[in-house]
Amino acid sequence: MTTSKTNYTVPFIIITVLFFLWGFITVLVDSLVPRLREVFELSYFQAGLVQFAFFLAYFVFSIPAGVLLSKVGYKKGIIIGLATMAIGCLLFYPASSERLFGVFLFGYFTLAAGITILQVAANPYVAVLGSEEGAGSRLNLAQAFNSLGASIAPIAGAAFLLSDKILTSQEITMLTDVQRESYYITEAGAVQTPFLFFAGLIALLAVAFIFIKLPQLQKTAKGGYAALLKKKSVWMGAAGIFVYVGAEVAIGSYLVNYFIDLNLEETIRNNETMGGIASFFLNADINDIDAKAVVGAFLFFYWTGAMVGRFIGSALMRFIAPFKVLMTFTALAILMIIISVSSVGLTAMWAILAVGLFNSIMFPTIFTLTLNGLGDLKPQASGLLCMAIVGGAIVPISFGALADSLGFALAFILPMACYAYIMFFAFYKGRKIQAVTV
């Protein structure tokens, strides 16, 4: 047993790096949304197309990824996924050089296709990299690093993607040819540099996987999807994943714009503590920081809350039924949104940031509640649940459309409805589980 653990240490570390990487890149998208909105002078709905392109890939590629992995094996599948991610990152170079919004969208779609393949492959691999008794612990640890990546991403996004001033098309026409060319080069570099770095890092990981020995996974049962689609709880669980990812991404994507709408920039600049936090994160004087970066730095707390909450939720579930913890966390998320839209200033800011804390346990808990009692159908159910991540494509653009027409206060009714459904699912599934165990 000791030898087995030693042999699996390196693969586990590298797969955990993958969890961290896709958590980081997924949230980095949130920081690029307000930048692209200014560069291309987009409406909130149009800016939401960035998230649409990213999460649409989960819907398109989840099932094909499973088929691919069954054909070529998980090791080659992971390498293909990493190569696809690297290509997606490289597409940001011509997109930013030529200022082509369509190429940005295609780049995100390609990047997300690679992440989808990794998602389908990584979770079962973490489960088998060691003893069966420690599978849950390993998966929680890997997911914690996913949250760590998501926590760090807003700071990097604020520093690299939101820190410089974006000129309007009118202001650009007033520049001389030399000034305009210099501006375009500087603006393109702000996007190109981080994504070229990621392309190189991902390529190195792909090469590393060529030399890593990975354990063989047990094959899934044939014809499972036909039986799976007859189960109401699976459809309800997939809907739960859909609305959860949608709500989390919608809030995260528009927090910078929401904070600017609340005029929080001046509040933060004039508050010694808040200004100090922004200056610390961005390593610059508060008076030299762009408005988007000032408020964008605080997205760190939204995603850090998701990481901290995961540990809290894990501890609570040792003596409280998971469905009860899920119901409580969804209720508190709704409460935080109500407090935020009913308040102003820092109260509104901290309340909406606290939603991240209560988001933490939702995805894994919905996942495990849905899989409960499915036996050999669990692998197929996992594929369907991954496909439901497409909620991150649909809900944000709907939220953006509502923000355009009704304002943020009323737009937040949409994520509140999403959390209300998750609460209902937890109650429904909890009753089913209790009925079986009685």
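Quick notes on this one:
- Checking every one of the trypsin sites (Lys or Arg not before Pro) in the stretch 230-280 against DSSP loop status and a limit of 12 other Cβ atoms within 10 Å picks out Lys230.
- Full-stretch length increase - Ser43, Ile339 - with 0.36 nm per residue and alpha-carbon distance subtracted: 103.9 nm
- Largest accessible area first, the listed residues Arg318, Arg99 line up as Arg318, Arg99 when surface is computed with a 1.4 Å probe on the assembled protein chains.
- Extension gain, Phe211 to Trp350, is 45.4 nm, computed as 0.36 nm per intervening residue step minus the present C-alpha separation.
- Among the protein heavy atoms of the stretch 311-438, carbon and sulfur supply 72% of the accessible surface, probe 1.4 Å, non-protein parts ignored.
- Per-residue SASA entry for Tyr258, accessible area with 1.4 Å probe, Å² rounded to 10: 10
- Only Lys, Arg (+1) and Asp, Glu (-1) charged, at Cβ; the stretch 310-438 dipole about Cα centre in debye: 460
- FRET efficiency for Lys230 and Leu196, using Cβ-Cβ distance with R0 set to 41 Å, rounded to 0.05: 0.30
- Pairs of Cα atoms in the stretch 218-342 fall into 10 Å distance bins, from 0 up to the last occupied one, in shares of 10, 28, 27, 20, 9, 5, 0 percent.
- Against the criterion of solvent-accessible heavy-atom surface with a 1.4 angstrom probe, Glu265, Glu248, Glu272, Glu98 sort, most first, into Glu272, Glu98, Glu265, Glu248.
- Distance violations [Cα-Cα > 25 Å] among Lys232/Lys324; Lys71/Lys213; Lys71/Lys232; Lys230/Lys429; Lys76/Lys230; Lys75/Lys429: Lys71/Lys232; Lys76/Lys230; Lys75/Lys429
- R0 of 41 Å, Cβ-Cβ distance Ala83-Thr368: FRET efficiency to nearest 0.05: 0.85
- Excluding ligands, DNA and RNA, the accessible surface per residue across the stretch 324-378 is 35 Å² with a 1.4 Å probe.
- Rounded Å value of the spacing that divides the Cα centres of the stretch 82-114 and the stretch 334-361: 33
The values are calculated or read from the model by the stated rules, or taken from the named source; none is laboratory data. On a predicted model such as this, the values are computed, not experimentally measured, just so you know. All Cβ positions, even for glycine, are placed from backbone atoms using ideal geometry, and neighbour counts span all protein chains on display. Accessible surface is based on the protein model in full, side chains and every heavy atom, while ligands, DNA and RNA are left aside. Shrake-Rupley method; radii C 1.70, N 1.55, O 1.52, S 1.80 Å.
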